[in-house]
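To start, the structure under review is shown below, and the notes come after it.
The values are calculated or read from the model by the stated rules, or taken from the named source; none is laboratory data. What you see is a predicted model; the values in this text were computed from it and never measured. As a convention, Cβ positions derive from the backbone with ideal geometry for all residues, glycine included, and neighbour counts pool all protein chains shown. Ligands, DNA and RNA are stripped out before the accessible areas are found, and what is left, the full protein with its side chains, is counted by its heavy atoms. Shrake-Rupley method; radii C 1.70, N 1.55, O 1.52, S 1.80 Å.
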Amino acid sequence: MKKIFAVLLSALLITALLASCSAGSKSTADEAAYDNGGDYGYSYDTDEGYYEDSMEAPAAVDQDGGVAGETTSRESLTESNVDTTLGEKMIYSLYADIETTDFDATTDNVTKLMDQFGAFIESSSISGNSYYSNTTYRTAQYTIRVPVENFASLKGSLEVLGNVVNQNSSADNITAQFTDVQARLDTYETEEERLLSMLEKADTVEDMITIESRLSDVRYQIESLTATLRNWQNQVDYSSVTLYIEEVEELSEQVAVQRTYWQRMWDGLQSTFDGIGDFFKALFMFIIVALPVIIILGVIAVVVILIVRASKNRKAKKNNRNIEPKE
């Protein structure tokens, strides 16, 4: 009986010893996991900015405050935050050269078009050229932002401003870039929430400093990506229209596409004669405008010539007296 009791006691002691060793191993493993990624059981890569599963990743919190799932990987996090309802992100732009013989009326019509289509001026400039520069007097350039739904209507109404000499439009699809940046922004925002949770549970100053450093980098990325998306969305919502308006004496004629050899020769001669006439017109205008200056310079030149001649005459008389023979 004593032998049986001794065997049972020995078995109980061995079982207790094994249980104690197992608990110690588990505690050591938990401490190692905490050193790698806090008390959450995951590691944090500061270069890549995401979490890798080491034991069990933390549950992601959705916008409603619920738990998104038990485990989260980098790929599933990125895919879950992509907004599939973005639609096409198109940036439309237009550039047009316009001639006008009534500059003031054209600039007024620009304002009326903007009021009609809900547009606004992003930048503008008006300048006046020299009166000697052929037939061009004033120019204006407007950069207008118009709601995208009114872009086509405004484009079709440019003829009210004058003679549209040149017109170029473009459409840039940025859907892929927009979606990619939006996904990166969502990833950083989720990472920010996790870092804030880790910061609340940090036990040492070293852990707090490390988390706060990474949190600062994440917030910088969030602000940068948010600014990029805001700028793109603004360009998508409001198309850009650039108008270059030129005041001319006569509007350019719309030359037919097919012209004969003699017609093109006559066009060339006309252009040459027009150029010669414009040259002499500009020269005559220059002479008339500069006439007061020419008169003053002429008077100064006459005075200088008279002074020089008088000086030469005095020198000549003096030399003649010096060479006359004495009696």
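Worth pointing out:
- Loop-located trypsin sites (Lys or Arg not before Pro) in the range 183-246 (DSSP state other than H, G, I, E, B) with a sparse environment of at most 14 neighbouring Cβ atoms within 10 Å are absent.
- Accessible surface, the range 202-284, averaged per residue in Å² (probe 1.4 Å): 74
- Taking all protein chains into account, the per residue accessible area for the range 84-200 stands at 53 Å² (1.4 Å probe).
- Neighbour cut-off at most 16 other Cβ (10 Å), DSSP loop, GluC sites (Glu not before Pro), the range 194-261: Glu249, Glu250, Glu253
- Accessible area of the range 219-311 belonging to carbon and sulfur atoms, whole % at 1.4 Å probe: 67
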